[in-house]
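The block underneath contains the structure these notes are about, expressed in structure tokens.
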Amino acid sequence: MAMTLDTLIQDNNERLAELQAGIGYSFNNVSLLQQAMVHSSFAFERMKKGRHNETLEFLGDAVLDLTVGYILFTRFPDMREGKLTRIRAGLVNESGLAEMARSIGLGDYLLLGRGEDASGGREKSSILSCAYEALVGALFMDGGYDQALSFVRQWFEPLIDKRREILLAADAKSALQEQLQEKFNEGPEYILDKEDGPAHARVFTVSVLFHGRSLGCGRASSKKEAEQIAATAALHNLSEPPQ
């Protein structure tokens, strides 16, 4: 028999109450929460009208961009737009949102089609991140912007505090590229200076050059990380006033 959102709410009443307790918010319109937990595979297999969480996911994506952007803007008022954008992208991405979803056990409340469920869909980052966005979209529809911002603060501000230094240094290569392109219309060059240590514990030393002049150097267990460290050093050196 084909199901509707109303019948799903009746069947899942206790689990929906458990989820609301877990996220610290009680929905006025529980059908929004239920719809946020319906994956398209379940809707196509089992539901009369095929209503699932993709439109709420679309809305939640926009709400997350706005609320996380606002939190970062107020936390780092002097930071440039490009860096704020990169930090937000480092927080609001598939892996980050899937991590948020796992922290509240969202996978346990999802309604999936038989094939998707059998293939481990409850643990797939793509499904979990979309469900998290749908949850935020549902919360926005139910409680408005202030409630959505309060919810996002609850989950994202501790992460920003925990990863503050990493976030502030995020993607130094892009920041350096942007700065040099803006001033000189050219980008830097990264050179592998040396490679030390045994095969299982290599250490890479990388320099970043501009017009043949070294701007910074980095050492790390991977070339990519060494390049980021070198770019961070270059940004620091470029910000220092000449002696």
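Details
- Some residue of region 115-135 being assigned to a helix (DSSP H, G or I), under 14 Å from Gln20 (Cα atoms) and not acidic (Asp, Glu): yes
- Here Gly113 fulfils each of the conditions (1) over 19 Å from the mean Cα position of the chain (by Cα); (2) open to solvent by 10 Å² or more (accessible area, probe 1.4 Å) apart from (2).
- Residue identified as among the small types (Gly, Ala, Ser), under 21 Å from Leu64 (Cα atoms) and modelled with pLDDT of 85 or more among Ala233, Ala148, Ala220: Ala148
- Failed item, numbered, when Arg80 is tested on (1) free of Cβ contacts under 8 Å to residues at least 12 places away in the same chain; (2) crowded, with 18+ Cβ neighbours inside 10 Å: (2)
Condition check ((1) surrounded by 15 or more Cβ atoms within 10 Å (Cβ to Cβ); (2) closer than 30 Å to Glu178 by Cα) across all residues:
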{"site": "Asn53", "(1), (2)": "yes, no"}
{"site": "Tyr70", "(1), (2)": "no, yes"}
{"site": "Thr74", "(1), (2)": "no, yes"}
{"site": "Val92", "(1), (2)": "yes, yes"}
{"site": "Ala101", "(1), (2)": "yes, no"}
{"site": "Gly105", "(1), (2)": "no, no"}
{"site": "Ala118", "(1), (2)": "no, no"}
{"site": "Ser126", "(1), (2)": "no, no"}
{"site": "Ala131", "(1), (2)": "yes, no"}
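- Among (1) under 23 Å from Ser103 (Cα atoms); (2) part of a helix (DSSP H, G or I), the one test that Gln10 misses: (1)
- Pairs with Cβ under 8 Å, 6+ apart, first in region 29-47 and more than 27 Å from Gly144 (Cβ to Cβ), second of a type in the set (Ser, Thr, Tyr) and surrounded by fewer than 23 Cβ atoms within 10 Å (Cβ to Cβ): Met47/Thr4
- Scanning region 29-36 for any residue that is open to solvent by less than 40 Å² (accessible area, probe 1.4 Å) and over 28 Å from Gln10 (Cβ atoms) turns up nothing.
- Within region 216-228, the set of residues being surrounded by 21 or more Cβ atoms within 10 Å (Cβ to Cβ) and of a type in the set (A, V, I, L, M) comprises Ala226 only.
The values are calculated or read from the model by the stated rules, or taken from the named source; none is laboratory data. Predicted model only: the values in this text are computed from it and were never measured. Because the Cβ atoms are built from the backbone with ideal geometry, glycine has one as well, and the counts that use them run over all protein chains shown. Accessible surface areas use protein heavy atoms only, side chains included; no ligands, DNA or RNA. Shrake-Rupley method; radii C 1.70, N 1.55, O 1.52, S 1.80 Å.
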